[in-house]
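Colleague: Following this message is one structure expressed as structure tokens.
The values are calculated or read from the model by the stated rules, or taken from the named source; none is laboratory data. Note that the structure is predicted; figures quoted are calculated from it, not measured. All Cβ positions, glycine included, derive from the backbone under ideal geometry; neighbour counts span all protein chains shown.
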Ligand SMILES: [Ca+2]
């Protein structure tokens, strides 16, 4: 081949290699992340119940229990079936009594810093609520212009919270937090890990699951008590955005879901003292595209997730279904999803079926056509499933029951 011919062949080869790159659209980046597309329009929630077929051959009926909520975030059931619902930015606690939303918010909630994804977060009842009447709230507490994280405890008097006080606070973490009581009667508190290295820093409370007594004090048998450089509140570390926390009904272990960045949402089983990897080990990509982790998706010394999502479903909320009214789902794990593959308007409810060894067998996406941002999922005392949808103008509580 002549040198001109060779150059021509090289140019053609270069053109083939470069053409697809040159044709690639450029995506605007803001604050280090691609600006999301408009996404799919979210249709208004229907007034009438909807019946869906599901993969296990069980038809379900989905209906709206309450709507018009402002970014509702979490749901707790009182023993009589009434519900307490948090509204994030407004910092309101709402009561659904006898199936109807009470117009006035519940009194006694502390002032929150309700900016962006911050505000009033989780609400849980004390495990011996009948005796103590204690309700716990996690929220972003204002420290001047900064937001910290606090857990408040108050007594439910039937219509309001009284004797409310903070039993825990930190300036290490703002933003999201879930609460759950363990089988050991301890209160577990999740904190936001963010993008820096704080989740791997044992002297910081960011990116951790904390283990506290019901009065906020540190139990002496926590895994890092007495260890130099470690905060004694820490139960597990290396978490990014732990948005779901629930007690496994059989094993008594706490399970946790956390949102990855662009991919790499995780379902983890929490073990005392373990490190779950963020930000050094992850299945996800960073928002602009490169892989998050230099160490790979799993690495010695870091706990691997039981389940991961790639692409992300933006996990939030976690529940084990233990009831009998939805028999084909007994024992299954339910995880809320707020958007799929970084596309707004693609929320869903995810069901994961495990075998007895907690190995995943099946995964089903439910309620996809509703396109709601499912922020929380809970089982009610009536053995039905309840969802909280995180929308600013028509956030809702939905109920799933058998269709026949
Ligand atoms: Ca992890």
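Colleague: Taking region 117-127 on its own, how many of its residues are under 16 Å from the mean Cα position of the chain (by Cα) and not in a loop (DSSP other than H, G, I, E, B)?
Modeller: Initial filter on region 117-127 (under 16 Å from the mean Cα position of the chain (by Cα)): 117-124.
From the residues that got through so far, the ones that are not in a loop (DSSP other than H, G, I, E, B) too are 120-124.
Final tally of qualifying residues: 5.
Colleague: Provide a single number: the residues in region 167-215 that are surrounded by fewer than 17 Cβ atoms within 10 Å (Cβ to Cβ) and within 16 Å of residue 256 (Cα to Cα).
Modeller: Going through region 167-215 one residue at a time, the tally reaches 1.
Each row is one residue, and each column tells you yes or no for (1) closer than 17 Å to residue 66 by Cβ; (2) in contact (Cβ under 8 Å) with a residue 12 or more places away in the chain; (3) assigned to a loop (DSSP other than H, G, I, E, B).
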residue: 328; (1), (2), (3): no, yes, no
residue: 357; (1), (2), (3): no, no, yes
residue: 382; (1), (2), (3): yes, yes, yes
residue: 398; (1), (2), (3): yes, yes, no
residue: 404; (1), (2), (3): no, yes, yes
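Colleague: Also, quick follow-up: Among (1) under 30 Å from residue 353 (Cα atoms); (2) more than 15 Å from the chain's Cα centre (by Cα); (3) in contact (Cβ under 8 Å) with a residue 40 or more places away in the chain, there is one condition residue 257 misses while meeting the rest; what is its number?
Modeller: The one condition residue 257 does not meet is (2).
Colleague: Could you tell me which residue of region 260-287 is nearest to the ligand (Cβ to nearest atom), considering only residues that are part of a strand (DSSP E or B) and free of Cβ contacts under 8 Å to residues at least 40 places away in the same chain?
Modeller: Taking region 260-287 and keeping what is part of a strand (DSSP E or B), we get 262, 265-269, 275, 285.
After this cut, where a residue has to be free of Cβ contacts under 8 Å to residues at least 40 places away in the same chain as well, the list is 268, 285.
Details: 268: 7, 285: 14 Å.
It comes out as 268.
Colleague: Okay, moving on. Quick one: how many residues across region 51-89 are more than 22 Å from residue 353 (Cα to Cα) and over 19 Å from the mean Cα position of the chain (by Cα)? Quick ask: steps written out before the conclusion?
Modeller: Looking only at region 51-89, we keep the residues that are more than 22 Å from residue 353 (Cα to Cα), and these are 63-89.
Next cut, over 19 Å from the mean Cα position of the chain (by Cα) only: 63-68, 78-83.
Qualifying residue count, region 51-89: 12.
Colleague: Select, from 114, 108, the only residue that is modelled with pLDDT under 95, surrounded by 14 or more Cβ atoms within 10 Å (Cβ to Cβ) and either assigned to a loop (DSSP other than H, G, I, E, B) or touching a helix residue (DSSP H, G or I) at 6+ places or on another chain (Cβ under 9 Å) (or both). Don't jump to the end; show me each part of the working.
Modeller: Details: 108 fails: modelled with pLDDT under 95.
Matching residue, one of 114, 108: 114.
Colleague: Suppose the filter is more than 16 Å from the ligand (Cβ to nearest atom) and part of a loop (DSSP other than H, G, I, E, B); does residue 323 pass it? Give the steps one after another, and end with the answer.
Modeller: Working: more than 16 Å from the ligand (Cβ to nearest atom): yes; part of a loop (DSSP other than H, G, I, E, B): yes.
When the stated conditions are applied, residue 323 passes them.
Colleague: Got a sec? Which of 371, 339, 348, 399 is crowded, with 17+ Cβ neighbours inside 10 Å and touching a helix residue (DSSP H, G or I) at 6+ places or on another chain (Cβ under 9 Å)? Let's see the steps before the verdict.
Modeller: Numbers: 371 fails: touching a helix residue (DSSP H, G or I) at 6+ places or on another chain (Cβ under 9 Å); 339 fails: touching a helix residue (DSSP H, G or I) at 6+ places or on another chain (Cβ under 9 Å); 399 fails: touching a helix residue (DSSP H, G or I) at 6+ places or on another chain (Cβ under 9 Å).
Going through 371, 339, 348, 399 in turn, the sole match is 348.
Colleague: Evaluate region 196-215: report whether one residue or more is closer than 26 Å to residue 377 by Cα, within 16 Å of the ligand (Cβ to nearest atom) and assigned to a loop (DSSP other than H, G, I, E, B).
Modeller: For region 196-215, residues closer than 26 Å to residue 377 by Cα, within 16 Å of the ligand (Cβ to nearest atom) and assigned to a loop (DSSP other than H, G, I, E, B): present.
Colleague: State whether the residues of region 230-245 include one that is away from the ligand (no atom under 12 Å from the Cβ), without any contact (Cβ under 8 Å) to a residue 60 or more places away in the chain and within 20 Å of the chain's Cα centre (by Cα).
Modeller: yes
Colleague: With (1) modelled with pLDDT of 95 or more; (2) within 15 Å of the ligand (Cβ to nearest atom); (3) in a loop (DSSP other than H, G, I, E, B); (4) closer than 30 Å to residue 33 by Cβ as the list, and residue 256 as the residue in question, which single condition is left unmet?
Modeller: (3)
Colleague: Considering only residues that are surrounded by fewer than 20 Cβ atoms within 10 Å (Cβ to Cβ) and within 12 Å of the ligand (Cβ to nearest atom), look in region 304-316 and name the one that is nearest to residue 362 (Cα to Cα). Show your work before the answer.
Modeller: Of region 304-316, the ones surrounded by fewer than 20 Cβ atoms within 10 Å (Cβ to Cβ) are 304, 306, 310-311.
Subsequent filtering for residues that are within 12 Å of the ligand (Cβ to nearest atom) retains 304, 306.
Working: 304: 19, 306: 13 Å.
Per the stated criteria, the residue is 306.
Colleague: Can you name every residue in region 356-387 that is modelled with pLDDT under 95 and in contact with a strand residue (DSSP E or B) (Cβ under 9 Å, 6 or more places away or on another chain)?
Modeller: The answer is 358, and nothing else.
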